[in-house]
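The values are calculated or read from the model by the stated rules, or taken from the named source; none is laboratory data. As the structure is a prediction and not an experimental result, all values here were calculated from the model. We place every Cβ from the backbone using ideal geometry, glycine too, and count neighbours over all the protein chains shown. We work out accessible area using only protein heavy atoms, side chains counted, and drop any ligands, DNA or RNA first. Shrake-Rupley method; radii C 1.70, N 1.55, O 1.52, S 1.80 Å.
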Amino acid sequence: MRSKMKAGDLVIIAAVLLLAAVIAAVLAVPQRGGRLYAEVWQQETLVERVELTAGTDRVIDLEGHNVIVLEGRTARIARADCKDQVCVRTGTLTRAGQVAVCLPNRVVLKLVGDDSGIDAVAV
Amino acid sequence: MKRLIAAVMLLLGLSGCASQPAAYTNDFFAMDTFMSVTLYGSTPDGRPADDGTLSDMAESISRTVNRLDAALSRTQTAGDLYRLNHADGAVTEVSAETYEAVRQAVAYAEQTGGAFDPTMAPVTDLWQIGTDQARVPAQAELDEALTHVGYQNVKLLGENRIQLLNGAQIDLGGIGKGFAGDAVCALLQGENGAASWQALAALGGNIVLYGGNPARKDGSWVIGVADPDQTADSLVTLARADGSVVTSGDYERFFEQDGKRYHHIFDPATGYPADTGLRSVTVIDESSTRADAMTTALFVMGLEKGMAFCREQGIAAVFITADKQVVCSPAVSDMAVFSFEGEDKGYTYAQ
């Protein structure tokens, strides 16, 4: 009787340790754990707010002026009809706090969500 | 089973994070760029400031930046600088704020031996970089324009009066955002209600930090230094509680002609974009105005001269070179916690 109880305890301990390991792994990779949203602003108005998940696959076309691609947990301004192309060269946003700005068209793409490790980028 | 549930509940309880104070973010366009201010406030008894208090301060900040934009812009016709530039050399009285901005610009020009010069307007006008009319000017045009360039042409006469000699024109684009950053700090420091503030202001890529970061235990804000080829990514991170981090790079405004890149950081000695093998220079400083002026000056000096200048003057600078090196001046380690992250992008770090 006593030995059966011990076996049950061992199972519980093993299960708890396994769960602890899973939680620790999730916490150790906060970028994958936290929620992440892409916000698209046009003329200082929020026009889209989309949660980015592993399965996200979406193209937002701002009447041909800017084309924004949301892919998995990333976002980028893929095309712009302006001359400087600064927003396109900003590249792919992957972390909360990153921003791509098309000044001529007053379009801002920003990622918001849990702490990402970097608060701002000096450009 | 009950014991299993209890153990799981305990684990989940332990893994829960302490709640963080809420940030208030205000985004706006000013000084021909995008600005984003993240603000935390607390009352004297330590409670988080309410939304109204936060939005009032955010509003004050954007009002201050817009006021400076109007005063220090070359194109806003109602502003101080426009009046000064169009006074045909007559003595012009400006606001105390504008006078201070010009005074600092001239002081940094003197300190850097003219590597930073706020009188480059006739040259930048010829290139028109950042507009559809950008072009490479003829040498004769540049030679003529350069005869009007020189910070010595700016006479600071006291009592907020300034005179421009020799057809000089002032362009404060090289320090405007920095000066605005310092004004934001002064505002946060002032007696604005009973609140105390913590803030991160990204003024078009010029970063101003104030009062520490409540979201991090050590109070630091972590600032990335942009990868010149993909500016959302960082080659370096710098952690600090306050002060300013400013970067100038050849990727911000430029145009290409016959396969050559012409960017917006001009060498006052030649009238051409500085061609010194650098992609960007970042300066960490208590004063955002000084940081702004120094990034331009160091970019013009190039790595070797710039590094010697940093050693001599105790300036904290991070140079990113075209041959993919990240080089720090000695003062960087005194000013921030530095971390190199450019290895997987083919960069090497040299101290």
Take B:A201 and decide whether it is outside any helix (DSSP H, G or I), touching a residue at least 60 places away in the same chain (Cβ under 8 Å), within 12 Å of chain A (Cβ to nearest Cβ) and open to solvent by less than 10 Å² (accessible area, probe 1.4 Å).
yes
For region A:77-87: of the residues being within 19 Å of B:T33 (Cα to Cα) and in contact (Cβ under 8 Å) with a residue 12 or more places away in the chain, which is farthest from the other protein chains (Cβ to nearest Cβ)?
A:A80
Residue within region B:213-230 that is polar (S, T, N, Q) and in a helix (DSSP H, G or I) present
no
Of everything in region B:225-268 that's acidic (D, E) and under 30 Å from B:L39 (Cβ atoms), which residue is farthest from the other protein chains (Cβ to nearest Cβ)?
B:D242
Matching option when the condition is open to solvent by 20 Å² or more (accessible area, probe 1.4 Å) and not in a loop (DSSP other than H, G, I, E, B), among B:A308, B:A297:
B:A308
In region A:66-90, the residues that are open to solvent by 10 Å² or more (accessible area, probe 1.4 Å), among the small types (G, A, S) and touching a strand residue (DSSP E or B) at 6+ places or on another chain (Cβ under 6 Å):
A:A78, A:A80
Quick check on region A:79-109: of everything there that is among the small types (G, A, S) and out of contact with any helix residue (DSSP H, G or I) (no Cβ under 7 Å at 6 or more places or on another chain), which residue is farthest from B:F255 (Cα to Cα)?
A:A96
Boolean, A:D61 is touching a residue at least 24 places away in the same chain (Cβ under 8 Å) and not aliphatic (A, V, I, L, M):
no
All conditions in (1) open to solvent by 20 Å² or more (accessible area, probe 1.4 Å); (2) in a helix (DSSP H, G or I) are true of B:Y262 except (2)
Just to be sure before I move on: is B:Q257 surrounded by fewer than 21 Cβ atoms within 10 Å (Cβ to Cβ), out of contact with any strand residue (DSSP E or B) (no Cβ under 9 Å at 6 or more places or on another chain) and in contact (Cβ under 8 Å) with a residue 40 or more places away in the chain in the structure I sent?
yes
Say we look at region B:240-250 and pick out the residues that are assigned to a loop (DSSP other than H, G, I, E, B) and under 15 Å from the mean Cα position of the chain (by Cα); which of these is nearest to B:T296 (Cα to Cα)?
B:D250
Taking region B:100-141 as the region of interest, how many residues are aromatic (F, W, Y) and touching a strand residue (DSSP E or B) at 6+ places or on another chain (Cβ under 9 Å)?
1
On the basis of being under 18 Å from the mean Cα position of the chain (by Cα), crowded, with 20+ Cβ neighbours inside 10 Å and facing another protein chain (nearest Cβ under 7 Å), does A:V101 make the cut?
yes
Hits in region B:137-190 - residues which are surrounded by fewer than 21 Cβ atoms within 10 Å (Cβ to Cβ), of a type in the set (D, E) and not in a helix (DSSP H, G or I)
B:E159
What are the residues in region A:37-65 that are within 29 Å of B:D32 (Cα to Cα), crowded, with 16+ Cβ neighbours inside 10 Å and either within 14 Å of chain B (Cβ to nearest Cβ) or within 11 Å of the chain's Cα centre (by Cα) (or both), if any?
A:A38, A:E39, A:V40, A:W41, A:Q42, A:V50
For region B:127-136, enumerate the residues that are touching a residue at least 40 places away in the same chain (Cβ under 8 Å) and either among the β-branched types (V, I, T) or open to solvent by less than 60 Å² (accessible area, probe 1.4 Å) (or both).
B:W127, B:I129, B:A134, B:V136
Condition check for B:V222: touching a strand residue (DSSP E or B) at 6+ places or on another chain (Cβ under 9 Å), in contact (Cβ under 8 Å) with a residue 60 or more places away in the chain, within 11 Å of chain A (Cβ to nearest Cβ) and of a type in the set (V, I, T):
no
The listed residue being open to solvent by less than 40 Å² (accessible area, probe 1.4 Å), touching a residue at least 60 places away in the same chain (Cβ under 8 Å) and touching a strand residue (DSSP E or B) at 6+ places or on another chain (Cβ under 7 Å), out of B:V281, B:V208
B:V208
So B:V123, is it open to solvent by less than 70 Å² (accessible area, probe 1.4 Å) and outside any helix (DSSP H, G or I)
no
Cβ-Cβ below 6 Å, separation at least six or inter-chain, first residue in region B:13-31 and within 11 Å of chain A (Cβ to nearest Cβ) and surrounded by fewer than 16 Cβ atoms within 10 Å (Cβ to Cβ), second assigned to a loop (DSSP other than H, G, I, E, B) and modelled with pLDDT under 95: which pairs?
B:Q20/B:A215
Which numbered condition B:A215 misses (of (1) open to solvent by less than 40 Å² (accessible area, probe 1.4 Å); (2) within 14 Å of chain A (Cβ to nearest Cβ); (3) modelled with pLDDT of 95 or more):
(3)
In the list B:G114, B:G130, which residue meets the criterion of being at positive phi, part of a loop (DSSP other than H, G, I, E, B) and within 14 Å of another protein chain (Cβ to nearest Cβ)?
B:G130
